[in-house]
Amino acid sequence: YVAAVYEHESILTPNPTALVDRQSALELMGRNLDIYEQQVVAAARQGAQIIVFPEDGIHGFNFTRSSIYPYLDFVLHSHSVKWNPCREPYLFNDTEILQRLSCMALKNKIFLVANLGTKQPCEHTDPYCPSDGRYQFNTNVAFNDDGMLVATYRKYNLYFEYAFDTTPEPDYTFFDTPFAGKFGMFTCFDILFFEPAVNLIRQHNLKQVVYPTAWMNQLPLLSAVEFQQAFATAFNINILAANIHHPTLGMTGSGIYTPVKSFIYHNMESYGGKLIVAEIPVITTDYKNNLEKAPGRVSEKGDEQLPPLFYAEMMYDNFTFVPVWGEKGELQVCANTLCCYLNYQRTVLTEELYALGVFDGLHTVHGTYYVQACALVKCGGLSFSTCGQEVTDATALIDFQLWGNMSTPYIFPLLLTSGITLDFADHMGWKNNHYFISKNRTSSGLLTAAVYGRWYEKD
């Protein structure tokens, strides 16, 4: 099927905490919707059957609970009500944004997924009802090619979004399409947690996901395109990921991903939005990982000089590292219960320092979640203290096998190359209770090769 995602540079309100009236809010959002409309037309012209827009693309961000209120549409989160906002605009008040989105889908005969702020009044008898008598949600909506509202999803894992409420229970949201079956739906930070993302995919055996996001890139392990691809690979699904484009905030990185191929956009230099359109296969069966070329054990050679252990902070976590020296070798580094192993070979020795790092613990900055990671990274400079820094360019081509005795089945294989480009491993999967990833020659210099495990039970 043909899919489209649009990385949108939103027109933002100059002062998000200011209180404005509904008319001014609609005016600002209308300017973003004008751009959406042009992109829907462009995507439809290229044969797209579905288009996905980013999180916060219509209204922006950094609001307070009261300042966002004029920007919110009313949405009934009910599966029983069939509603076409374009054809039946009179049914509910404060649905101008939904009407415009619905009409775009209808006019262009395309499935459309977008993110907006929504409100829902609640009774004080409801124990979860906020004191101001209303819920405010960060919401994704999906329309079919007739403009019918077919799904709503309210973000469950909020990322410091004080304007919004969390639903008492997670929404497990998916919608059906004639061209690719069911699509699951979740938002941004949700991708790092079991609920609802992983549970949704597992319970309903979903093979396609739409994913609006407003993601701030964090190298070396959580760049948007890097993690989006890893997620598609880990769960053997297609992901249509639309990010917002604000390079000054470190926000870029969208794509259409299959388990074996990616169409991505990552651009920290230029401004303006970007439409990606790609034809991808509908996934019906599970790809089987080729586990034949699995690594052996590292031989214990007693007499060799072991490289020194050192510690450095990477992504706010205290990693234990060993340097990757020389043109080839076998390395091991452990922390807590996790041991990481690396076999590597370089054809040409470059003036670049690489290190093998391990972390097995609770990550506590900008969210709390348990990580098990084995990572081969390029360091920022030639001293140990630069390992773990954000690096975007590399020249070293390294053949490697990387593996670890992970305690969780949820492993995200990361492979990032120079200029924030992606590559795919030759082989990956489980062998003898170890998860491994191997690559014979990256397409360009290696930035990061990692197995990033999420141990959800220990969050």
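For Ser223, enumerate residues with amide H under 5 Å from its amide H, sequence gap 5+ or separate chain, H modeled in the peptide plane.
Gln218
To make sure I understand the rule: partners must be lysines, Cα under 22 Å from the Cα of Lys431, and not fewer than 8 residues away in the same chain. Which ones qualify?
Excluding near neighbours in sequence, the set is Lys288, Lys293, Lys439.
What do you get when you divide the Cα radius of gyration of the chain by 2.2 N^0.38 Å, with N the number of residues? Can you show the working numbers first?
Values: Rg = 23.0 Å, N = 459, 2.2 N^0.38 = 22.6 Å.
That ratio works out to 1.02.
Rank Ala373, Leu200, Gln49 by how far each Cα sits towards the positive end of the charge dipole of the chain (+1 on Lys, Arg Cβ; -1 on Asp, Glu Cβ) and give me just the farthest.
Gln49
Using 0.36 nm per residue, how much length does the chain from Gln203 to Arg65 gain when fully extended, once their Cα-Cα distance is taken away? Walk me through the numbers before you get to the answer.
On the way: separation 138, 0.36 × 138 = 49.68 nm, distance 3.38 nm.
The Gln203-Arg65 span can extend by a further 46.3 nm.
Given 37 °C and 0.692 mPa s, how large is the Stokes-Einstein diffusion coefficient of the stretch 155-220 in µm²/s, with Rh as the Kirkwood radius over Cα pairs? Mind showing how you got there, number by number?
Details: Rh = 12.9 Å.
The estimated diffusion coefficient comes to 255 µm²/s.
Any chance you could run the full-extension gain for Phe92 through His77? It's 0.36 nm times the residue separation minus the Cα-Cα distance, nm to one decimal.
Working: separation 15, 0.36 × 15 = 5.40 nm, distance 1.28 nm.
Fully extending the segment from Phe92 to His77 adds 4.1 nm.
What residues qualify as long-range amide H neighbours of Ala312, i.e. H under 5 Å apart, gap of 5 or more or another chain, H built at 1.01 Å from N?
Amide H neighbours of Ala312, under 5 Å, 5+ apart: Phe319, Phe321.
To the nearest 20 debye, what charge dipole does the chain have about its Cα centre, counting +1 at the Cβ of each Lys and Arg and -1 at the Cβ of each Asp and Glu?
Details: 30 positive and 46 negative charges, 187 e Å.
Taking the Cα centre of the chain as origin, the dipole is about 900 debye.
To the nearest 20 debye, what charge dipole does the stretch 21-149 have about its Cα centre, counting +1 at the Cβ of each Lys and Arg and -1 at the Cβ of each Asp and Glu?
Magnitude of the dipole: close to 300 debye.
For the chain, what does the helix formula give at 222 nm: sum of -39500 (n - 2.57) over DSSP H segments with n ≥ 4, over the residue count, nearest 500 deg cm²/dmol? All intermediate terms of the calculation are to be shown ahead of the outcome.
Numbers: 4 runs with 54 residues, N = 459.
After summing the helix terms and dividing by the residues of the chain, the value is -4000 deg cm²/dmol.
Residues with beta-carbon under 12 Å from that of Glu37, excluding Glu37: net charge, scoring Lys, Arg +1 and Asp, Glu -1?
On the way: positive: Arg31, Arg100, Lys107; negative: Asp34.
Net charge in that neighbourhood comes out at +2.
Quote the relative contact order of the chain in percent (integer), defining contacts as alpha-carbon pairs under 8 Å separated by 6+ residues.
Numbers: 1157 pairs, mean separation 56.7, N = 459.
After rounding, I find 12 percent.
What is the count of Lys pairs in the stretch 2-279 whose alpha carbons sit under 29 Å apart, if the two are 8 or more places apart or on different chains?
Going through the stretch 2-279 pair by pair, I get 29.
To the nearest 20 debye, what charge dipole does the stretch 310-458 have about its Cα centre, counting +1 at the Cβ of each Lys and Arg and -1 at the Cβ of each Asp and Glu? Walk me through the intermediate numbers first.
Details: 8 positive and 13 negative charges, 63 e Å.
My answer is approximately 300 debye.
Between His124 and Glu169, what FRET efficiency comes out of the Förster formula 1/(1 + (r/R0)^6) with R0 = 22 Å and r the beta carbon distance, rounded to 0.05?
0.65
What distance in nm separates the two pseudo spin-label positions at His366 and Glu313, each 7 Å out from Cα along the beta-carbon direction?
Between His366 and Glu313, the label points sit 1.3 nm apart.
Bear in mind that the values in this text are calculations on the coordinates, not laboratory data. The model shown is predicted, which means the values in this text are computed figures rather than measured ones. Every residue, glycine among them, receives a Cβ derived from its backbone with ideal geometry; neighbour counts consider all protein chains shown.
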